[in-house]
1. Using the crude model of +1 on Lys and Arg Cβ and -1 on Asp and Glu Cβ, and no other charge, please compute the dipole size for the chain relative to its Cα centre, in debye to 20.
2. Could you point to the residue in Gly276, Ala372, Trp163 farthest towards the positive end of the chain's charge dipole, with +1 and -1 charges on the Cβ of Lys/Arg and Asp/Glu respectively?
3. With equal scatterers on the alpha carbons only and no solvent term, can you work out the Debye log10 of I(q)/I(0) for the stretch 267-396 at 0.16 1/Å?
4. Residues with beta-carbon under 14 Å from that of His212, excluding His212: net charge, scoring Lys, Arg +1 and Asp, Glu -1?
5. Using a Debye calculation, one point per C-alpha and no hydration shell, please list log10 I(q)/I(0) for the stretch 4-71 at q = 0.28 Å⁻¹ in order.
6. Relative contact order for the chain: what is it in percent, counting Cα pairs under 8 Å that are at least 6 residues apart?
7. Would you kindly calculate the translational diffusion coefficient of the stretch 159-201, applying Stokes-Einstein with the Kirkwood radius from alpha carbon pairs, for 37 °C and a viscosity of 0.692 mPa s, and quote it in µm² s⁻¹ without decimals?
8. Would you mind giving the average projected area, over all directions, of the Cα convex hull of the stretch 176-223 in nm² with one decimal?
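The values are calculated or read from the model by the stated rules, or taken from the named source; none is laboratory data. Just so it is clear, the structure is predicted and the values come from calculations on it, not from any experiment. Here the Cβ is made from the backbone with ideal geometry for all residues, glycine too, and neighbour counts use every protein chain on show. Accessible surface areas use protein heavy atoms only, side chains included; no ligands, DNA or RNA. Shrake-Rupley method; radii C 1.70, N 1.55, O 1.52, S 1.80 Å.
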Amino acid sequence: MSHAPVESQDPDDLQLVSSNLNGHYPWLDPARPVLYGHVLYAASLQGRAPAAVASRLAELGYADVEHETPWPDSIGPEDASLVKREGPDSYRQRWLGAGEPVSLHDLLHAAQHAGRAPADVARRLTALGFRIGGSRSLPETPGPRDVMLIRAERKGSGRFFGWGDEVSAQHVLEVAEYLACSPYDAAVRLTALGLRLPYTPEPGDERLLTLHVTYRPHYMGRWSGSPLGHVLTVARETGRSAADVVARLAVLRGGKPGGAVPGPPDDDDLVALSKGLDGRGPWLEESRVAGLPMRHVLRASLVTGRSPASVAERLTELGYPLHEKAQLPETADEADIRLLETVDRSYRDGVHLEHVLRSAGLTGRSPADVAARLTALGYELPDEVEYPDVRGSLAV
């Protein structure tokens, strides 16, 4: 039906009976109840009392209007937006009804849209005659990330957690990673919103979940591991044992292992475990398949003054072994480090002519020299290739 279902052509009447309160099609269905939120929003638009709007709708043939509490005397523009609902069909206006409790998602969306605290919005909706689904107190501060925090699915229109739902530890890490915020802050806010977690957030969790700080904090995500360097650093800073740190990380990561627990630490452990060899994060990450890069062992040898074999042995004890094919030199050489920095192949991959030529060009060494040295370090090169003993001219 494209024409208005009322005889009146008064613009205010047409606005009242239009589903989107714009005076145009689509129109309200006289056979269905008019939502309570529709009446309140219309009253705000027309500057009339909600009871007067309901009375006029009845005169126009819409006698079935949701109404479970006394009508509020008035509703202002600052409150009118609270009765809107968010949905996949955002081009349509949708309203809260009085027949069922206000969902957590609808309340938080209204609070976020209005820039108000959830507790403030809950009180105002209650005063307007709505029933709030949750019974516990809500945060007294605005939360611009609240709606995304309770989103259970990222794809499609999404599914949202409701009042009192349990949220997994993995969800906390995932949503914090998505929103680029602290997992501890996300956990505290989710708890404040009435959702249940499998653990109780503790202030010390903030440090445990902060892997390192560069230009901004880098937090532990759902897929990241728990680097041993991070565990040892947190244990040293907080006075907790490494085992205690590992156990707490396992809880915060939903039961995933929190990392190895080593024996008594060596003075050089944090240096060797840091990617920058400065005793600070970012830290080495475990790789049982490709193994620890040999260039890291050689660089650590130069920094610590220990032999490559000693460094490799200690890192193996800490859970970071070299690949089984790797052949360590007796001493660390800057030339080997520069050569290995040009090789983007692991010990699981074969090194072919194009890789040798690239390394030769970048280092200024001859292909034959590069091939011989990579073979000595454990890389597999094809036997049938003859490499020229001529230096390249592309060294940088």
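1. It works out to roughly 380 debye.
2. Result: Trp163.
3. After summing over all Cα pairs, the log10 values are -0.79.
4. 0
5. The computed values of log10 I(q)/I(0) come out as -1.49.
6. Once divided by the residue count of the chain, the mean separation gives 7 percent.
7. Approximately 321 µm²/s, per Stokes-Einstein.
8. Dividing the Cα hull surface by four gives the mean projection, 3.7 nm².
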